[in-house]
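Notes follow the structure.
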Amino acid sequence: MSWLTLFAQVQIHHRASDCESNNGFCPDWIIKNFGDRYVDPFFRHLELVVISVLVGFVIAFALGIVAHRRRWLVGPVVGITGVLYTIPSVAAFLLLVPITGFGLLTAVIALSSYTLLIIFRNVVAGLAAAPAEARDAALGMGLTDSQVLWRVEVPLALPEIFAGVRIATTTTVGLAALAFFANAGGLGGLIFGDLVFKSNVVVAGGLCIVMAFVLDGLLLFAQRLSTPWVRAARA
Amino acid sequence: MGPGGTRMIVAAFDFGDAIDFILNGRESVTGGVRIGGSELLPQLWRHLELTGAAVGIACAVALPLALWLGHLRKGQFAVASIANVGRAVPSLALIGFAVAYIGLGFPNALLALTLLAIPPIFVNAYVGIAQVEPDIVDAARGQGMTEPGIVRRVELPLAVPLVFGGIRTSVVNVIATATIAPLIGVVTLGDAIVSPQVYGDAGQLGAAICVALLAIAAEVTLALIQMLVTPKGLKLSSTRRRGFPFMSMRRVEVS
Amino acid sequence: MAAALEFQQVSKTYPGSDEPAIQSLSFEVPAGDICVLVGPSGCGKTTTMRMVNRMVSITSGEILLDGRSVLDRKAYELRREIGYTIQQIGLFPHETVAANIATVPKLLGWPKDRIRDRVGALLDMFSLPQDMAGRYPAQLSGGQRQRVGVARALASDPSIMLMDEPFGAIDPITRGRLQNEFLRLQGELRKTIVFVTHDIDEAIKMGDRIAVLKKGGVLAQYATPAELLLAPVDAFVEDFVGADRALKRLALLRVRDVDLWKAPRVRPGDPVAQAQEQVADSDLPYSLLIDADGKPLGWLSDRDLAGERVPDEADTAPTPRLDQDSVLRDALAELLEEDTQYGPVVDERGAVIGVLSIELIAQFLASKDPRELDPPERAGVEP
């Protein structure tokens, strides 16, 4: 019996290094190296995404509120954020490096610029979509302008705003994969580091995709939680 | 002069050097090869070739299907899924999968980029057709138009802004991803970006400037073409829509 | 407590326009009255109403509420004291019915329990179930939404209400019912109300005083409904009020104001002899079968009364059941639709108080002068 176990062990070991040298998909290798190689970059990547989306949201939301009352601002803001959106992220990272150096700051500046257009557009569209009669009734009952904005228009705009934030988040997960060009870390560096080895690419790429779906799901959950009337209407 | 000031001056030098790289040639860092200047032209051409082919094939594949499904107003769940997946897969991962599983070369790069280009085109075209008001479609049907006729003469013209928006989004996305196509063996403008050890920092920065300008130029060109292609009646009505005149010119991202 | 409203030569011209939208409008609404603004589209009736709560700015002239100019305080402060309903209702889709109703009380800083009690009381007042408080507007029917809209306007117990076509978006059957309910409420609450409508029939039914406006906000006539019908001041008013003025008089009187016929009322199990005695005494040759609460179950025919005791069920259904607060015009319409000569009249609890017949209505039409009836009586309130 001991013969067989010895033989089996030799076989397994042989197969493992076979897998790696044959550039296959190797679950053993993955499990062995996961903790060392993938966990830190994963959280770094997550950090980049969350901070960038938050910063982008704060700016875009503020701009949206201001532009809601001053329509003439919408064109220029969309124009500027549109240009920022068009510049490929790789180029953006590299263009910022001479000015803001390598690291987290550069990556966040570039990534949050991408979210501005989407979120701004959705904030403005959402605020405009509040039914005119609800606004008229609110004013007529004696709400001040700012009360009408925060108690009627913003809540009714939430579904649209959330949609924009969700799109921005999933897009940012993908773009943050290129943040390593600014030395900001993230899962992209891992992919870039070993493009040929299937296991590496699948794990690193797969983690990105999983992150995108999980964040989207969480935001969707938050959206459902904060807009109970939408569910009621459908029922 | 504080550190901010010094930083600005250094940055100015960096950009100056990068622009010099773009306009004039120089010798590569590793020595022996001409880079920059006119050497960038073949890379630019490659970049455009790859982008044009990928978007072209994506249109040929996705548009008919999207128009047909959109007209029938079927398969909404599939469309939403495609949109989500398309957005969630990072371009670098796509390139990575391609390199790892199918290898290097122009056809492989083209495959990866075409896959990248399909979702925005497909989703936008679908929504563009499907959101045409059913009353209008009904009226057309009642007048005796055939189904393909309705698509061609009623729904498609009304869907032009969204369809075009999808194409514009794809073009910009593919230009961006083609920048890292050198990883899969196709030498585009991004070569200097992925190989700074050969091109130097100025080369890397110069290539970044080129790619950015290329993307902006493509966007502006397509916007102008869209304005020319949009039926006049639609242009007038969309400028009146809730005071968003820019909306008809902007890419519309569909959630 | 209701407020008196006064318009003093109020004009409104929109900037960039040559013609004034409202021209030197002057009229008074005594406290507790319903003043209906009526006229063709473009006459400025809604604009006039919206000047009271400054949703439209006043170009010249004064609007006084209880003697105090509406310009006297901040616009939003003024509006919190005025009840306001609009044609599309405008309930907040993202808030529950309770939150919607509580809007102004919350703005005024009422304590939570007072608000909660008030919401409950209002739901009762409008015959809405208490569990509706937690529902959202999208889950309500059109009629329910209308009621919630009016309840919301009444929530802070304002001294004056502005209502812009409040029943406009409702089907005619529900509208008639809502109008009756509203008038019943007004009988108790006695608020000053400015009511805008394009429907002259509604104006006659609802108004204590009616202001007929011509294009350009010119006041053609400001009078009680009876005066309007009997003495229109010019051809415009006469045309607007309509050629069938005689029948419009039917909108002036309510069922309860008419001397109703007495009907013999018997319960199941009563001795038949007793029923037959009652018939001899009454205006009608048929008896009405009623239940323990006095609600009508049906008309008893001779065949029903063949035995010893009154049966449990009757041959003929007691339709139409006529609401005592209905106007005669609606009651006549219901009788004609059921193809019957008469119908039992019921009070708010559904108990029979008398019988109305087409003959009675014809007698009224034949009588001469509705000016004999003063407006307060017309509204059906005990003086």
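No value in this document is a laboratory result; all are computed from the given coordinates. Everything quoted here is computed from the prediction, not taken from an experiment. We place every Cβ from the backbone using ideal geometry, glycine too, and count neighbours over all the protein chains shown.
Between the amide H of B:Gly25 and those of B:Ser38, distances stay under 5 Å, these residues lying 5 or more places away or on another chain, with hydrogens modeled in the peptide plane. Put simply, the convex hull of the Cα atoms in the protein assembly as shown casts, on average, a shadow of 58.9 nm². Rounded to the nearest 500, the helix-only mean residue ellipticity at 222 nm of the protein assembly as shown stands at -18500 deg cm²/dmol, with each DSSP H run of n ≥ 4 adding -39,500 (n - 2.57). For the residues of C:72-79, the average number of beta carbons from a partner chain within 10 Å of their own beta carbon is 3. Residue-wise HN-Hα couplings along segment B:35-49, as the Karplus relation 6.51 cos²θ - 1.76 cosθ + 1.60 with θ = phi - 60° gives them from phi, are 9, x, x, 5, 5, 6, 4, x, 5, 4, 4, 4, 4, 5, 4 Hz; Gly and Pro carry x. The phi-based Karplus calculation (6.51 cos²θ - 1.76 cosθ + 1.60; θ = phi - 60°) puts the 3J(HN,Hα) values of segment B:102-116 at 10, x, 8, x, 4, x, 5, 4, 4, 4, 4, 5, 5, 4, 5 Hz, whole numbers, x for Gly and Pro. Ranked by the mean number of other Cβ atoms within 10 Å of their residues, highest first, the peptides A:56-63, B:20-27, C:320-327 fall in the order C:320-327, A:56-63, B:20-27.
The packing ranking, built from the mean of other Cβ atoms within 10 Å per residue, places the peptides C:112-122, A:157-167 in the order A:157-167, C:112-122, highest first.
Going from the fewest other Cβ atoms within 10 Å to the most, the residues C:Arg303, C:Arg50 appear in the order C:Arg303, C:Arg50. For chain C, the share of DSSP beta bridges that are antiparallel, to the nearest 5, is 60%.
Cross-link partners of A:Lys198 among aspartates and glutamates, defined as those whose alpha carbon lies under 19 angstrom from its own and excluding same-chain residues fewer than eight positions apart: A:Asp18, A:Glu20, A:Asp28, A:Asp36.
Here the dipole of the protein assembly as shown is about 3320 debye; that uses its Cα centre as origin and unit charges on the Cβ of Lys and Arg (positive) and Asp and Glu (negative). Of B:Phe122, B:Phe106, B:Phe77, the residue with the greatest mean-square motion in the GNM of chain B, using alpha carbon springs below 10 Å, is B:Phe77. Electrostatic tally near C:Tyr76: other residues with Cβ closer than 12 Å to its Cβ, Lys and Arg +1, Asp and Glu -1, net +2. Dipole magnitude for segment C:146-202: about 260 debye, using +1 per Lys or Arg Cβ and -1 per Asp or Glu Cβ, origin at the Cα centre. Rounded to whole numbers, the Karplus 3J(HN,Hα) couplings from phi for segment C:62-71 are 10, 10, 10, 10, 6, x, 9, 5, 6, 7 Hz, using 6.51 cos²θ - 1.76 cosθ + 1.60 with θ = phi - 60°, and x at Gly and Pro. Treating the angle as unsigned and between 0 and 90°, give the value, to the nearest 10°, between the Cα long axis of helix C:172-189 and the longest Cα principal axis of chain C. Tilt relative to chain C: about 80 degrees. Highest mean first, the peptides A:133-143, C:222-232 sorted by other C-beta atoms within 10 Å per residue fall in the order A:133-143, C:222-232.
Taken as entire DSSP H runs, the helices of chain A that both span 30 Å or more between Cα atoms along their own long axis and average -0.5 or more on the Kyte-Doolittle scale are A:39-69, A:104-128, A:154-176, A:198-226. Distant-in-sequence amide contacts of C:Leu213, defined by a placed amide H-H separation under 5 Å and a gap of 5 or more residues or a different chain, comprise C:Val38, C:Gly39, C:Ala220.
For peptide A:195-207, compute the average count of partner chain beta-carbon atoms within 10 Å of each residue's beta-carbon.
4
Excluding C:Ala273 itself, what net charge comes from residues whose Cβ is under 12 Å from its Cβ, given Lys and Arg +1 and Asp and Glu -1? Please list the in-between numbers first.
Working: positive: C:Arg309; negative: C:Asp270, C:Glu277, C:Glu308.
Its environment carries a net charge of -2.
Report, in degrees rounded to the nearest 10, the 0 to 90 angle that the Cα long axis of helix B:76-88 makes with the longest principal axis of chain B. That works out to roughly 10 degrees. Axis angle, to the nearest 10 degrees, between helix C:142-154 and the longest C-alpha principal axis of chain C: 60 degrees.
Over the whole of A:79-86, what's the average partner chain Cβ count within 10 Å per residue? Rounded to a whole number, please.
For this peptide, the per-residue mean of nearby foreign Cβ atoms is 4.
Charges were assigned to the Cβ only: +1 to each Lys and Arg, -1 to each Asp and Glu. The resulting dipole of chain C about its Cα centre is roughly 1900 debye.
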